[in-house]
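Here is the structure we will look at.
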Amino acid sequence: MSEASLSKFLSLPVKNERMEKVGEVVDILAKKDDGKIIGILVKPIKINELLDKLPKDENGYIAIPISAIKLNENFIFLNERKIRVLLIRARRYTT
C-alpha cells in the first residue's frame, strides 16, 4: 500500500500484539499549525492498563501517537512496546 485516503482508516479495528481488537478508529489527529498527522483517536472496546495511561478526550476516546501504530488495509496494528517506551520517556520529562 503506497498511498491511501485517510477516510479509509476511519472505523477500522485497532488490534494489539496478540491480535485482540482493542478499539476502532474514530478520527485522525493532526497538528493545527502544519497539518502533520500525529496520531489517531480510538474508541476503546477493551481497556487495559497500558491504554488507560494514554491521553483521552472528553468522550473517553484514546489518543494514540502515530509512531505507535502501523496501518494495514484491514486493521491498525498497535505497537504496545513502543507505547511503553513513549510513556517512560514522558515520565522522565514530567518528574
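State yes or no: is ASN72 under 22 Å from ARG91 (Cβ atoms) and either polar (S, T, N, Q) or touching a Ser or Thr at 6+ places or on another chain (Cβ under 9 Å) (or both)?
no
Results for (1) under 14 Å from LYS21 (Cβ atoms); (2) touching a Gly at 6+ places or on another chain (Cβ under 8 Å); (3) surrounded by 12 or more Cβ atoms within 10 Å (Cβ to Cβ); (4) charged (D, E, K, R), shown as yes or no for each residue.
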{"position": "ASP34", "(1), (2), (3), (4)": "no, no, no, yes"}
{"position": "ILE37", "(1), (2), (3), (4)": "no, no, no, no"}
{"position": "ILE45", "(1), (2), (3), (4)": "yes, yes, yes, no"}
{"position": "ASN48", "(1), (2), (3), (4)": "yes, no, yes, no"}
{"position": "LEU54", "(1), (2), (3), (4)": "no, no, yes, no"}
{"position": "SER67", "(1), (2), (3), (4)": "no, no, yes, no"}
{"position": "PHE75", "(1), (2), (3), (4)": "yes, no, yes, no"}
{"position": "ARG81", "(1), (2), (3), (4)": "no, no, no, yes"}
{"position": "LEU86", "(1), (2), (3), (4)": "no, no, yes, no"}
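Just to be sure I understand the filter: pairs with C-beta atoms under 8 Å, separated by 6 or more residues or on different chains, first member in segment 15-33 and within 24 Å of SER5 (Cβ to Cβ), second member aromatic (Phe, Trp, Tyr) and in a strand (DSSP E or B). Which pairs pass?
LYS15/PHE77
Would you confirm whether any residue within segment 74-82 is farther than 22 Å from SER7 by Cα and assigned to a loop (DSSP other than H, G, I, E, B)?
The answer is no, given that none of the residues of segment 74-82 is farther than 22 Å from SER7 by Cα and assigned to a loop (DSSP other than H, G, I, E, B).
Being free of Cβ contacts under 8 Å to residues at least 24 places away in the same chain and outside any loop (DSSP other than H, G, I, E, B) is true for just one of LEU87, LEU41. Which residue is that?
LEU41
Coordinate-derived values only; no laboratory data. This one's a predicted model, so the numbers in the text were calculated from it and none came from an experiment. Neighbour counts run over all protein chains shown; Cβ positions are idealised from the backbone, glycine included.
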